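To keep things clear, I will list the structure first and then write my remarks on it.
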Amino acid sequence: MTAALWACSASPVENVIEWQTLGNESDSTGNFYVQRFKVVAGEPFERLAFCQFKREMQVVDSRDTIIELLPGYFAIASPRFAQASPGDTIVVDLRTRGAMLHASYAPDGMHLVIGGKPVEARNVVHPITEYPSQWRPAGEGAKDGMIYGPEAYDINDSLRSAERPGPYAAIPTPKSVRLTGAIVDAPRAFSFHTIEDARLDYYKALVREDSVVVYTNSRRPAIVRAVLERRIAETADARGKVPEAVIEDWADLPYRGLMIDVARNFTGIKEMRKIIALMSRYGLNVLHFHLGDDEGWRLELPALPELTAIGSRRGYATSDEVPFLKQIYSGNGKPDASTPANGFYTADEFTDLLRYADSLGVAVIPEFDSPGHSRAAIMSMEHRFRTTGDASLRLIEPGDTSNFTSAQAFHDNVMNPALEGPYKFWGIVLGELKALYARAGVELPAVHIGGDEVARGAWNGSPAARRLMAESGMTDQKQLHAHFVERVAALAAERGLKIAGWQEIALDHSQEYNQHVLPVMAAVNCWTNAGDKGSRIAAAGYPLILSNVDYLYFDQTPSSHPEEPGLVWGGLVDEFRPFHATIDRLCPGNEDVQKHVAGISAHLFAETIRSDAMVERYLFPRLLGLAERAHNVRPTISDSAYFGAITAEMDRWATEDVNFNLRQPGIRLGAEGKIEMNEAYGGRGEIRYTLDGTDPTSDSPLYTAPVSAAGAREVRARLFYGPARSVVSILYL
């Protein structure tokens, strides 16, 4: 940032907040880093507010005060803010516990507060790759996550593949392709014949000179036709010629899913339609739509307008008695549609989306997490109570003194199973959902009720919970949780609906519980297999959906590079992890156990998502690995063939303006002291580089041949291809 940016001028001063980390350090108290905020404002202000994953923070200047407005949303107050003149630079330093190792843990949504109201400011966030101590943990022997140029060079050489899918064999790989010899014009006419076959979505297609003859058991021949048209189009050469062939295929799993979280940060209708179309292209048939969580409720239900009037908006607030939720993850402090913090689908938009998904063979399972992860619903119903006096839909108990902390550090995000309000609430929600699907003319396959991560001790201070436990002979709160699931399952059954949930609702419950819940359960997502949880769920007879975090959570970063977006708590999930998510690895056991594996699903949670382009970058190319394993539960093609298939698909994504993750270019000092660079994709994209230590842009010099290293101390390179760009590679000379 140049000094000129911060200088006063005769024109109005722009509000700017600049952030950078000053590097990782350690002392006798442990590891820490100092993060620095530089503020320039056009007028005196009261607070600097920002979103950031919760960590212990202390102000360096004793005149400043840090305030936690919500776990993940903070404000700094200081008398210095009111004393500054327009255009002055005010520096605020925070000593922060731990180490800053990934860019996704930097602050976001930085804004000012003036007159008690949020005021936008231009955010300038420095990369954490400006100098090594920013990404290197302090302490001798600490692991450095940076993937340097020479290492990337070797990785790219090891991955690059000349293999491409054979005729009609693009991912997901069909079970059988037999070429019959002749080369013909790509046929356009189709004839369909219904047959009996126990295999899922089975078809046998005879590709001939004049037509494609299809024998299938599918109730949706239009979907089969779309699959075959894609395979023919991708096989055709430049003259439009294809080989005659017999293609035989079926899916191994009925549930081939992708979960998209729009509660944490919102993704609009246009992008969701694009995602659904891409799901259908690669044979996925279930959109697990995460619409309600602590941080947002994203679907309009006419009977409960508060859910979106309150629960779909986030902004600056010092209490919960405002007509929106407190800011978290992203935003600018304003509860409007200008950031992904805010937004919802109207009932009309949702029904249109259901029809569109159905036309492409994609079923939609809506999820509203409960009884934990329910802060948005709880605060919406509390607002309803305050404004109408109707206490019948309150989801928490007045006077409850329970003291708990959820996985995301909330203290007020759990519905109370001992009250009637949650069941009246769920009855209305289920009825509204059933009506929306009926209006769309689309089947509602299940309603996902969540059921995960209820904090220990969530109801310890609830008089109602103690009474219910005493009356029912319950000895622990796990039974209270089970009581909630049983009652919601019964509400669903009364309406002819199925439910789905996370692994907690199917593990370690009584036989009586299983007898009540199992008949209503359509799917159980197992997100961790510690202690063979997946196998235990399947052995109990529940329809298991393989959802393991370390293979299938697409919000996890694909590499340890400090600027690669994503979380790290579940491990690195690169493009090979979903491809390796075989049934024997994720649900070890015999045939009697594995027959209860109903599906597989990848999951994209949205804490770190800020745009449609980021959604796509997280999904691709990993979606191809998911598609392959959803269609074929055991190994099919080699890693090399898989990477070749990814390489082939990149051309299509670039042409269609689909963003995707690119591996970083390699840099090494080669023969005669010249700098050599490479990429993993066999000549796709452009490598741009710099020799002055700055990060390359699309206007930086293009690498075409080895470059002289004379006078250079540091080389940086980035790969660009269509809308995609890689993180930066670094070589120190």
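How many of the residues in the stretch 203-254 are part of a loop (DSSP other than H, G, I, E, B) and either of a type in the set (Val, Ile, Thr) or in contact with a helix residue (DSSP H, G or I) (Cβ under 8 Å, 6 or more places away or on another chain) (or both)?
Result for the stretch 203-254: 3.
Thr401 - would you say it is in a loop (DSSP other than H, G, I, E, B), modelled with pLDDT of 95 or more and surrounded by fewer than 19 Cβ atoms within 10 Å (Cβ to Cβ)?
yes
If you take the residues of the stretch 592-617 that are part of a loop (DSSP other than H, G, I, E, B) and of a type in the set (Ser, Thr, Tyr), which of them is surrounded by the most Cβ atoms within 10 Å (Cβ to Cβ)?
Once the filter is applied, the top-ranked residue is Thr608.
Would you confirm whether any residue within the stretch 257-267 is surrounded by fewer than 22 Cβ atoms within 10 Å (Cβ to Cβ) and either small (Gly, Ala, Ser) or outside any loop (DSSP other than H, G, I, E, B) (or both)?
no
Could you run through the stretch 619-640 and say how many residues are in a helix (DSSP H, G or I) and over 16 Å from Tyr282 (Cβ atoms)?
Of the residues in the stretch 619-640, 2 are in a helix (DSSP H, G or I) and over 16 Å from Tyr282 (Cβ atoms).
Residue-wise test of (1) outside the structural domain of Arg314 (by TED's automatic domain parsing); (2) of a type outside the set (Phe, Trp, Tyr); (3) farther than 26 Å from Arg610 by Cα.
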| residue | (1), (2), (3) |
| --- | --- |
| Thr29 | yes, yes, yes |
| Phe45 | yes, no, yes |
| Phe50 | yes, no, no |
| Val59 | yes, yes, yes |
| Tyr73 | yes, no, no |
| Ile76 | yes, yes, no |
| Asp88 | yes, yes, yes |
| Val91 | yes, yes, yes |
| Gly98 | yes, yes, no |
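Taking the condition under 30 Å from Ser280 (Cα atoms) and in contact with a Ser or Thr (Cβ under 7 Å, 6 or more places away or on another chain), does Leu360 pass?
yes
Please indicate, with yes or no, whether at least one residue in the stretch 569-591 is under 24 Å from Ala106 (Cα atoms), in contact with a helix residue (DSSP H, G or I) (Cβ under 8 Å, 6 or more places away or on another chain) and assigned to a strand (DSSP E or B).
No: the stretch 569-591 contains no residue that is under 24 Å from Ala106 (Cα atoms), in contact with a helix residue (DSSP H, G or I) (Cβ under 8 Å, 6 or more places away or on another chain) and assigned to a strand (DSSP E or B).
Within the stretch 407-433, how many residues turn out to be over 13 Å from Ser370 (Cα atoms) and part of a loop (DSSP other than H, G, I, E, B)?
So the answer is 8.
Could you list, in sequence order, all residues of the stretch 515-556 that are assigned to a helix (DSSP H, G or I), surrounded by fewer than 22 Cβ atoms within 10 Å (Cβ to Cβ) and of a type in the set (Gly, Ala, Ser)?
Residues satisfying the conditions are Ser535, Ala539.
Checking the conditions here, which among Gly571, Gly566, Gly589 is assigned by TED's automatic domain parsing to the domain that holds Gly534, over 17 Å from the mean Cα position of the chain (by Cα) and either of a type in the set (Ser, Thr, Tyr) or at positive phi (or both)?
Residue meeting the stated conditions: Gly589.
Inside the stretch 487-514, can you point out the residues that are over 25 Å from the mean Cα position of the chain (by Cα), under 23 Å from Pro588 (Cβ atoms) and crowded, with 19+ Cβ neighbours inside 10 Å?
Scanning the stretch 487-514 gives a single hit, His509.
Among residues belonging to the stretch 507-549 that are charged (D, E, K, R) and out of contact with any helix residue (DSSP H, G or I) (no Cβ under 7 Å at 6 or more places or on another chain), point out the one that is nearest to Val597 (Cα to Cα).
Of everything passing the filter in the stretch 507-549, Arg536 is nearest to Val597 (Cα to Cα).
Which of the residues that make up the stretch 448-471 are closer than 30 Å to Arg256 by Cβ and touching a helix residue (DSSP H, G or I) at 6+ places or on another chain (Cβ under 6 Å)?
Those that are closer than 30 Å to Arg256 by Cβ and touching a helix residue (DSSP H, G or I) at 6+ places or on another chain (Cβ under 6 Å): Ile449, Gly451, Asp452, Val454.
Would you be able to say whether some residue in the stretch 352-370 is surrounded by fewer than 22 Cβ atoms within 10 Å (Cβ to Cβ), of a type in the set (Phe, Trp, Tyr) and touching a Leu at 6+ places or on another chain (Cβ under 8 Å)?
no
For the stretch 278-286, check the following and say yes or no: at least one residue is touching a His at 6+ places or on another chain (Cβ under 9 Å) and over 30 Å from Lys595 (Cβ atoms).
Among the residues of the stretch 278-286, not one is touching a His at 6+ places or on another chain (Cβ under 9 Å) and over 30 Å from Lys595 (Cβ atoms), which makes the answer no.
The values are calculated or read from the model by the stated rules, or taken from the named source; none is laboratory data. These numbers come from a predicted model, not from an experiment. No Cβ is skipped: glycine too gets one built from the backbone with ideal geometry, and neighbour counts run over all protein chains shown.
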